[in-house]
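Reading through the structure tokens given below for one structure.
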Amino acid sequence: MADDAFGQKAEFSRRFVTLGLGAAMAASPSLVRASGSLKGFYDIRDYGAVGDGIAIDSDAINRAIEAAAAAGGGTVVVPPGHYLCFSIRLKSFITLVLMNGSVIEAADPRKHAGRYDLPESVYDEQFQDYGVSHFHNSLIYGDGVNDVAIIGKGLIHGLGLDREGPTPRWHGMAGWKSPAEQGLSADAARRAIPREMAYEGRGNKGIGLIRCRNVLLRDFTILQGGHFACYVLGSTNVRIDGLTVDTDRDGIDIDACRDVKVTNCIVNAPKDDAIVLKSSMALQEPRFCEDVSVIGCKTSGYLLGTVVDGTYQPSPYMSVDDIGVLGRIKLGTDSVAGFRNILISDCICENTRGLQLGAIDGGILEDVTFSNILLRNPVNHPIFVRLSARNRAPEGNGPSQVRRVRFSNINVSGARGPYASGVVGIPGGIIDDVSFSDIHVRSAGGGTREDAAREIEERPKSSLEPSFMGAFPAHGLWVRHARNISVKDVSFTVDRPDARPAVVLDDVQGAVVDGLRSSLAPGSAVRTVRSREVRVRDVERLT
């Protein structure tokens, strides 16, 4: 009998996640009649939550979650109210419902009585950011849980979360010494760093999920989500749908995961990446980020909070390179193992840094497709593919490899003059098999003869960011250290005269340019340097 009851609750929970509260109730009237009430539901107010924005309610929410988990799973309901919280711990078979009018605010341990759970995991070398290394110091976290969901029209406000954290610790940093070289354990070495200890008890993520399975995040809003509004690491079968994220660091991060779909999300992140895929060492092993799709999403770089309030105000933010906001879709901040089977499609990117991808830490990026993308007013390079050898990874990892990348049906308007798209490898690190088809870019132009003649430094150990390269020697597409490049049915037009060719191929082995339209005469539109086996045909001038 107990097994039957558990089966009924599990089935009801699955229907709830799939259909929503009302549909699940309608589909399971026998459950309501049999029990006389919805015993699978746990209202956090019944466990002591106050919801006045003053009392700390995380203990009450955790009691409700624990009660549901002890019963074999259930639905924890957050009714309308303002709930000030420290760490909320998800457990398996739990659905957390954020009802319309509910706000979960991240408490600030410098102002409120309490603290976030202490950061777990101690590493001899921390190859990734502090926020990627630890998950228990999140506002809401799940560690090794399965069949969990956070759904509803409520708001997660990360007001008390940190945007910053200690820097990575690894052998590539000047002056770095391993704990063994210091005669210390890994934990003692960590505790000897004052900045590391200053973050004990503080939180840095809105939602943190590590080693989870069967996850659904749907419909809620995250405002000001800390260093990472939503970070998912080492997890499988994850669905993120219909979120609105308006934050001043990273929006949605998918790291070393498999079978992930991010759909119909709006992510505003003026001061960092909006939707980013990573392959870090946070699991203490290289693991691919693979079988991931990002479909029907919008990213932007407006002023913090103005997407949530609907005013869409420009952000005055200038990143460290003084170019402007970020807010892009990106693959490869960390790329220790790499990426494969990735689809980015049907997205709009407005007032951001566009599309950026590559392998820089010795990993592999392969079988990646970007299609049906609208880029409006990108602040730097609309499309940028990079291979380098930063190698923030265990010694001996690498070399990086980038191959089989497809860009199709991409429309770019309002691009800035200096910043063309680029495919840029390094000497000995050749990017292989990249195609551009049905790509149309309109930019400000204005490039000079000096820009056209620029020899851009290599910096083989750089990150993905191309800022150090400055103006490209092409106004449309610059390719260096690559092979098997295809450019078909593309147009590069400029608002002002530009002395640079539309396309420059430098150290390219095998390329086809077919169906190029630009503002230049056909004989001036394509330039090749140190390249071979390049075919150029059907080049037209646009008026």
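The values are calculated or read from the model by the stated rules, or taken from the named source; none is laboratory data. What you are looking at is a predicted structure, and each value in this text was computed from that prediction instead of being measured. Here Cβ is always computed from backbone atoms with ideal geometry, including for glycine, and neighbour counts include all displayed protein chains. Please note that ligands, DNA and RNA were not included when accessible areas were found on the heavy atoms of the full protein model with its side chains. Shrake-Rupley method; radii C 1.70, N 1.55, O 1.52, S 1.80 Å.
Pull up the stretch 233-284, narrow it to residues that are in contact (Cβ under 8 Å) with a residue 40 or more places away in the chain and of a type in the set (K, R), then point me to the one that is nearest to Q126 (Cα to Cα). Result: K278.
Entry remark, the stretch 356-375: residues being assigned to a strand (DSSP E or B) and open to solvent by less than 10 Å² (accessible area, probe 1.4 Å) number 9 in total. Within the stretch 95-122, the residues that satisfy the criterion of being surrounded by fewer than 14 Cβ atoms within 10 Å (Cβ to Cβ) and closer than 20 Å to L161 by Cα are R110, K111, A113, L118, E120.
Just one of the listed residues (G417, G422) is under 24 Å from A525 (Cα atoms), over 25 Å from the mean Cα position of the chain (by Cα) and of a type outside the set (A, V, I, L, M), namely G417. The set of residues in the stretch 275-316 that are among the aliphatic types (A, V, I, L, M) and more than 21 Å from L216 (Cβ to Cβ) comprises M281, A282, L283, L303, L304, V307, V308. Would you confirm whether or not the stretch 271-279 contains a residue that is surrounded by fewer than 21 Cβ atoms within 10 Å (Cβ to Cβ) and assigned to a loop (DSSP other than H, G, I, E, B)? Checked against the condition, which is being surrounded by fewer than 21 Cβ atoms within 10 Å (Cβ to Cβ) and assigned to a loop (DSSP other than H, G, I, E, B), the stretch 271-279 yields at least one hit. Considered as a group, the residues in the stretch 280-313 that are closer than 16 Å to C349 by Cβ and in a loop (DSSP other than H, G, I, E, B) include one that is most open to solvent (accessible area, probe 1.4 Å), and that residue is Y312. Which numbered condition in (1) in contact with a strand residue (DSSP E or B) (Cβ under 7 Å, 6 or more places away or on another chain); (2) at negative phi; (3) at pLDDT 50 or above; (4) not hydroxyl-bearing (S, T, Y) is the only one that F93 fails? Failed condition: (2).
In the stretch 169-179, is there at least one residue being open to solvent by less than 60 Å² (accessible area, probe 1.4 Å) and either within 27 Å of S315 (Cβ to Cβ) or touching a strand residue (DSSP E or B) at 6+ places or on another chain (Cβ under 6 Å) (or both)? Yes, the stretch 169-179 contains at least one residue that is open to solvent by less than 60 Å² (accessible area, probe 1.4 Å) and either within 27 Å of S315 (Cβ to Cβ) or touching a strand residue (DSSP E or B) at 6+ places or on another chain (Cβ under 6 Å) (or both). Confirm whether D538 is surrounded by fewer than 16 Cβ atoms within 10 Å (Cβ to Cβ) and in contact with a Gly (Cβ under 9 Å, 6 or more places away or on another chain). When the stated conditions are applied, D538 passes them. Considering the stretch 487-543, and only residues there that are touching a residue at least 40 places away in the same chain (Cβ under 8 Å) and of a type in the set (A, V, I, L, M), the residue that is farthest from Y419 (Cα to Cα) turns out to be L542.
Checking each residue in the stretch 426-438 for being of a type in the set (G, A, S), within 24 Å of T369 (Cα to Cα) and open to solvent by 30 Å² or more (accessible area, probe 1.4 Å) picks out only S437.
Condition first: touching a Ser or Thr at 6+ places or on another chain (Cβ under 8 Å) and more than 16 Å from Q224 (Cβ to Cβ). Now tell me which residues in the stretch 97-115 satisfy that.
As a first pass, look at the stretch 97-115 and keep what is touching a Ser or Thr at 6+ places or on another chain (Cβ under 8 Å): 97, 107, 114.
Across the stretch 97-115, the qualifying residues are V97, G114.
Mind checking whether some residue in the stretch 458-468 is among the acidic types (D, E), open to solvent by 10 Å² or more (accessible area, probe 1.4 Å), under 25 Å from G327 (Cα atoms) and within 22 Å of the chain's Cα centre (by Cα)? The answer is yes, given that some residue of the stretch 458-468 is among the acidic types (D, E), open to solvent by 10 Å² or more (accessible area, probe 1.4 Å), under 25 Å from G327 (Cα atoms) and within 22 Å of the chain's Cα centre (by Cα).
For the stretch 314-350: of the residues being in a loop (DSSP other than H, G, I, E, B) and of a type in the set (D, E), which is surrounded by the most Cβ atoms within 10 Å (Cβ to Cβ)? Walk me through it before giving the result.
Step one: filter the stretch 314-350 for residues in a loop (DSSP other than H, G, I, E, B), giving 314-328, 336-337.
Now drop any that are not of a type in the set (D, E), which leaves 321-322.
Details: D321: 11, D322: 7.
The residue in question is D321.
Figure legend. Inter-residue proximity from the stretch 322-338: first residues modelled with pLDDT of 95 or more, second residues aromatic (F, W, Y) and in a strand (DSSP E or B), beta-carbon distance below 8 Å, spacing 6+ or different chains. Indicated pairs: L331/F339; G332/F339. Selection within the stretch 399-425: residues that are open to solvent by less than 40 Å² (accessible area, probe 1.4 Å) and part of a loop (DSSP other than H, G, I, E, B). The member of this set that is modelled with the lowest pLDDT is G417.
On inspection, A393 qualifies as in a loop (DSSP other than H, G, I, E, B), closer than 20 Å to A337 by Cα and touching an Asp or Glu at 6+ places or on another chain (Cβ under 7 Å).
Considering only residues in the stretch 376-390 that are assigned to a loop (DSSP other than H, G, I, E, B) and of a type outside the set (A, V, I, L, M), the one that is most open to solvent (accessible area, probe 1.4 Å) turns out to be N377. Scanning the stretch 439-457 for residues that are open to solvent by 50 Å² or more (accessible area, probe 1.4 Å) and in a loop (DSSP other than H, G, I, E, B), we see that the one that is nearest to D334 (Cα to Cα) is E457.
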